[in-house]
Amino acid sequence: MATQSDLSCDGLVRRFGAHTAVNNISLDVPAGTFFSILGPSGCGKTTLLRLLAGFDKPNQGDIYIRGERMNDVPPNHRPVNMVFQHLALFPTMSVGDNIGYGLKRRKVPAAERRMLTAEVLEQVGLPGLENRNPMELSGGQRQRVALARCLVLKPTLLLLDEPLGALDLKLREQMKVELKHLQKQFGTTFVYITHDQSEAMVMSDQVAVMKDGRFDQVAPPEELYREPATPFVAGFVGDNNRLGGEVVSLADNLAQIRLDSGELVRGRVASNELQPGSRAELYIRPESLVFADSLPHNGYSVMQASVKTTLFDGANSRVEAECSGSPIYARLPQDGSAPTLTPDSSINLAWDPKLARVFGAGQS
Amino acid sequence: MKSSASRLSLWLLLTPFLLWIVLLVLVPHIQMLRVSFQVRESWDTLAWGLEQYQNFFTESYYWRTFVRTGVMSLFTTFLTLLVAFPIAWYIAKMARGRSKGILFLACLIPFWASELVRTYGWMILLRESGLFSSWLQALGWADGPVEMLYNDVAVIVGLVYNGLLFMVVPLVTTLDGMDENLVEAGYDLGGGHATVLREVVVPWAMPGIVSGCIVVFMLTLGSYLTPVLMGGKDSAWFTEQIFTQFITRFNWEQGAALGVLLLVLSSMMVWLGLKLSGQSLRKVMG
C-alpha cells in the first residue's frame, strides 16, 4: 500500500441480506486532504463511514490507515475519530470532561489534560467554556465542541457524518467555511459525508459521488461540476437542464442531436456508447445558456423556448421556460444585460456546444 | 361564573386524590404515630410515653431484625439491579419491533398472579421434594433430597423475583431514550466496554437506576409473604414482628412503634440514596 495516503480502501463490500449497501468501493485519500462522499440518502455513504470507523465490518475488502490493515481493529483502537450526525456529546459531562474523555482513556495526566482541553477549545474559538454543560450551548458551539473532542486526540483521520444537517441555513453556511479553515489549521485528514452538494463542493479537495453503493466519480469539485462522468453526477451536482433527443451524427468529440422539439443542437460526447440513431440526453447548465436575440454567433447551438416565469433570487435569478413540455432554466444575469421577459413570449437560448454534455439515454 | 365552574371541576378532579391521601395515608399514619406514643397502664387507662421505643432499643431481637431487614433489602435491591440491567438493556437497545413488546410482556406475566402464588411457585421448585432437588438427584450431584427453602438465599431469590419488573420498567424507559451514538462515541474516543458502561451508560441511566432502586427497596423492606413463606426460623423479617405485635399479641402500641420505625428507616434510606447518587426526587420520578 502506498504510504503517502492516510486512508485507502480496496474493494469494500457490505451486504445486508440481499441488499448491497456498499458495493466494491476502493478509495485513496492523501494525507491532509478534505475528502467528501456525496450522495442521496440511502446510497450507502453512512454504511461506508461506519466501516471506516469500525462500528461495522466489511464482507469483503480491506481498509488501510497509513498502510496498516484495520479490518480487525476495534473502533476504540483505530486512529480514527468520528463527529456524529447528532454530535453525541455526553450530556452527563461538562464540555471539559467531554473533551478530556479520550485523553483520559489514553492515561494523560490530569494537569496535561486540562492544558490540552483549554488549548483545543481556544483553537475552535470557544475559550473558557470547560465547565459548561453541552446542552446549554448553541448549535454552532456544540458543533465545535464535538470537533474539539475528536481533534484533541490528534487522529490520523477524522470522519464527519453530516454534522451540519441540524443547523439552520445561515449557521450552516458559516460553519462550512469554518470547517474548511479548521481542517487546514489542524492538517488532519477529513472524510466528510453529506447529501448536500454545496457542502461537499465548498469544503472538499476531492469529492466522491456515491450512488447505490458505488462511486460514480471521484474528482475535485470543479472537475465534478464541469465534467460530470455520468448523467447521475450531471444531475446531482449543481443545477442542470436535461434535454432528450436522438443522435444524428458524431464528429470532433461533438455530437449532433435532434431534440424532441425538432431542433438540431450539439454538445460534447460524454459517454462512448453514443451512436447515430441512439437515444441521448443533453445536459446544459443554466449559467451556460445565453439569450440570443438574433442568429447565434460562432457555432453556438440554439433552441427556442417559451417563457413561463422569472424567479428572482439575487445572483441566482433564473428564468423558467418551457420547451416541448419539459421545463428549462436559464440564469438571468443581474447586470442589466438580460432582456425583459414577459410570460408566454418566445426566446432563443444558445450555448457553446463545449459546455453541454451528451450521455446515452437510459445509461445510469 | 366561568372561573367558579372551572374551580368546581378542579375540586371534583382533586377529590379522589385528596380522599386517598387523607383517608388512606395521612389519617392512619397520624393515628399510628399517636398510638405508638401511648403506654397502656391498665386495661382502660393510657398514658403518654416512650416505652415502646425504649423496648425496641433494649430488646436486641427487635433491632437486630431491624438492621438485618435493612441490610438484606439493600442487598436484594443491588442484586435486582444487577439482574435487571442486562434485561433492560436487551429490551431497550437490542430487541426490535414485536419482540420488544413480547419481552416486556414476559416480564409482566408473573405479575398476573398474586405474590402468594408466585411465592408458592418458588416453593415448588426449591423444596426438599421439589423440582431442583429431584433433578440434582437424577443427575447424581446429590445423594439425598436437598432442602433449598427456609434460608436467606431462598428469601433473596424470591424477593429479587418480586422486584424485577419494578426495576426493569424504569431502566427500559431511560435506556430507550439514550442515543446509540453516545455508546458508539464512547468506543470511538478510545473507551473499552467497562469504561463506556461506567462513564456513559450508567450516568445516563442514573435517574432510572435510582427510581428503580427506590421502588424495589421499599417493596422489599415492606414485603411480608415472601420472607415468611420462604425464610427459615433465623431469617425473620421486620414486618413479621409488626404482624406479631398487632395480630398475635394484640399489642397495638408496640406494633405501631415498630411501624413508625420502619417508615423512618425507609425514608432515611431513600433520602441517603438520593444524596449519594446526586439525584433529586423530582428528576427521578418525573
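What does the average come to when, for each residue of peptide B:175-185, you count the partner chain Cβ atoms lying within 10 Å of its Cβ? The partial results should precede the final answer.
Values: counts 0, 0, 0, 1, 6, 3, 9, 8, 2, 8, 15.
The per-residue average across the peptide is 5.
Looking at the square roots a ≥ b ≥ c of the eigenvalues of the Cα gyration tensor of segment B:53-285, which shape do they give, rounded for a/c under 1.5, prolate if a/b is larger than b/c, or oblate? Spell out each step's value before the answer.
On the way: a/c = 2.24, a/b = 1.32, b/c = 1.70.
Because a/c hits 1.5 or more and a/b fails to exceed b/c, segment B:53-285 counts as oblate.
What nm value, rounded to one decimal, do you get for the distance between A:Ser198 and A:Glu222 when each label is placed 7 Å out toward the C-beta?
A separation of 2.2 nm, rounded to one decimal place.
Using 0.36 nm per residue, how much length does the chain from A:Ala118 to A:Asn253 gain when fully extended, once their Cα-Cα distance is taken away? Write down the numbers at each step before the final one.
Numbers: separation 135, 0.36 × 135 = 48.60 nm, distance 5.85 nm.
Full extension from A:Ala118 to A:Asn253 adds 42.8 nm.
Against the longest alpha carbon principal axis of chain A, how many degrees, from 0 to 90 and to the nearest 10, is the axis of helix A:139-151 turned?
60 degrees
Could you work out the relative contact order of segment A:239-360? I mean the mean sequence separation of Cα pairs under 8 Å and 6+ apart, divided by the number of residues, in percent. Show your work: numbers first, answer last.
Numbers: 289 pairs, mean separation 39.5, N = 122.
In percent, rounded to a whole number, it is 32.
Under 5 Å between amide H atoms, partner at least 5 residues away or on a different chain: which partners does A:Ala330 have, H built in plane at 1.01 Å?
The answer is A:Val319, A:Ala321.
Please state, to two decimals, what the Cα-based radius of gyration of the protein assembly as shown comes to when divided by 2.2 N^0.38 Å (N = residues).
Numbers: Rg = 36.9 Å, N = 650, 2.2 N^0.38 = 25.8 Å.
Compared with the compact-globule rule of thumb, the protein assembly as shown sits at 1.43.
So for each of B:195-202, B:77-84 I average, over its residues, the number of other beta carbons within 10 Å; can you give me the resulting order with the highest mean first?
Working: B:195-202: 17.9, B:77-84: 19.6.
Descending packing order for the listed peptides: B:77-84, B:195-202.
Show me, for segment B:257-265, the HN-Hα J-couplings you get by feeding each phi into the Karplus relation (A = 6.51, B = -1.76, C = 1.60, θ = phi - 60°), rounded to Hz, glycine and proline as x.
Working through the residues one at a time gives 4, 5, x, 4, 4, 5, 4, 4, 4 Hz.
How about segment B:216-282: which trypsin sites (Lys or Arg not before Pro) there lie in a loop by DSSP and see at most 14 other Cβ atoms within 10 Å? Show your work: numbers first, answer last.
Working: sites: B:Lys233, B:Arg249, B:Lys275, B:Arg282; in loops: B:Lys233, B:Arg249.
Listed in order of number, the matching sites are B:Lys233, B:Arg249.
So for chain A, averaging the separation of alpha carbon pairs under 8 Å that are six or more residues apart and normalising by length, what relative contact order in percent results? Before the final figure, lay out each step's value.
Details: 778 pairs, mean separation 55.2, N = 364.
Relative contact order comes out at 15 percent.
Which loop-located trypsin sites (Lys or Arg not before Pro) does segment A:24-119 contain, where loop means any DSSP state but H, G, I, E or B and the Cβ has at most 11 other Cβ atoms within 10 Å? Don't jump to the answer; show the numbers that get you there.
Details: sites: A:Lys45, A:Arg50, A:Arg66, A:Arg69, A:Lys104, A:Arg105, A:Arg106, A:Lys107, A:Arg113, A:Arg114; in loops: A:Arg66, A:Arg106, A:Lys107.
Here the sparse-neighbourhood loop sites are A:Arg106, A:Lys107.
Quick one: order A:His195, A:His19 by neighbouring beta-carbon count within 10 Å, fewest to most. Working shown, then result.
Numbers: A:His195 18, A:His19 11.
Lowest to highest Cβ neighbour count: A:His19, A:His195.
If you count, for every residue in A:50-56, the Cβ atoms of partner chains within 10 Å of its Cβ, what is the mean? Write out the running numbers ahead of the final one.
Details: counts 1, 0, 0, 3, 3, 6, 0.
Mean partner-chain Cβ count within 10 Å for A:50-56: 2.
Non-local amide H neighbours of A:Leu160 (under 5 Å, H modeled in plane, Pro and chain starts lacking H): which ones?
A:Val83, A:Val191, A:Tyr192, A:Ile193
Can you tell me the relative contact order of segment A:1-152? Whole percent, Cα pairs under 8 Å, sequence separation 6 or more. All intermediate terms of the calculation are to be shown ahead of the outcome.
Numbers: 218 pairs, mean separation 30.6, N = 152.
Once normalised by length, the contact order is 20 percent.
Quick one: if you stick a label point 7 Å off each Cα along the C-beta vector at B:Leu136 and B:Val22, how many nm between them?
5.6 nm
Rounded to whole Å and sorted largest first, list the principal axis extents of the Cα atoms in chain A.
Each principal axis gives a Cα extent; for chain A these are 76, 46, 35 Å.
Provide the net charge surrounding A:Ser326, with neighbours chosen by a C-beta distance below 12 Å and charges set as Lys +1, Arg +1, Asp -1, Glu -1.
Numbers: positive: A:Arg242, A:Lys308; negative: A:Asp260, A:Glu281, A:Glu320, A:Glu322.
Here the count lands on -2.
What trypsin sites (Lys or Arg not before Pro) does segment B:62-151 have in DSSP loop regions with at most 13 other beta carbons within 10 Å?
Details: sites: B:Arg64, B:Arg68, B:Lys93, B:Arg96, B:Arg98, B:Lys100, B:Arg118, B:Arg127; in loops: B:Arg96, B:Arg127.
Answer in residue order: B:Arg96.
I want to check the label-to-label distance for A:Asn272 and B:Ser114. Put each point 7 Å from Cα in the C-beta direction and report it in nm to one decimal.
Once both label points are built, they end up 8.6 nm from each other.
Could you tell me what % of all Cα pairs in segment A:126-224 have separations over 20 Å? Don't skip to the end; give the middle numbers.
Working: 2038 of 4851 pairs.
Value for segment A:126-224: 42 percent of Cα pairs lie more than 20 Å apart.
Would you mind checking the tilt of helix A:169-186 against the longest principal axis of the Cα atoms of chain A, expressed as 0 to 90 degrees and rounded to 10?
Roughly 60 degrees between the two axes.
Could you work out the mean count of beta carbons from other protein chains within 10 Å of each residue's beta carbon in A:85-91? If you can, show how the numbers build up before the last one.
Details: counts 1, 3, 4, 11, 4, 8, 6.
Taking all residues of A:85-91 together, the mean is 5.
Pop out the ³J(HN,Hα) list for segment A:101-107 in order, Karplus 6.51 cos²θ - 1.76 cosθ + 1.60 with θ = phi - 60°, rounded to Hz; leave Gly and Pro as x.
Those phi angles translate into 3, x, 5, 4, 4, 8, 6 Hz.
Any read-out appearing in this document is the output of simple, stated calculations on the displayed coordinates, not a laboratory observation. Remember, it's a predicted structure, so these values are computed and weren't measured experimentally. Cβ coordinates were reconstructed from backbone atoms using ideal geometry, including for glycine residues, and neighbour counts include every protein chain displayed.
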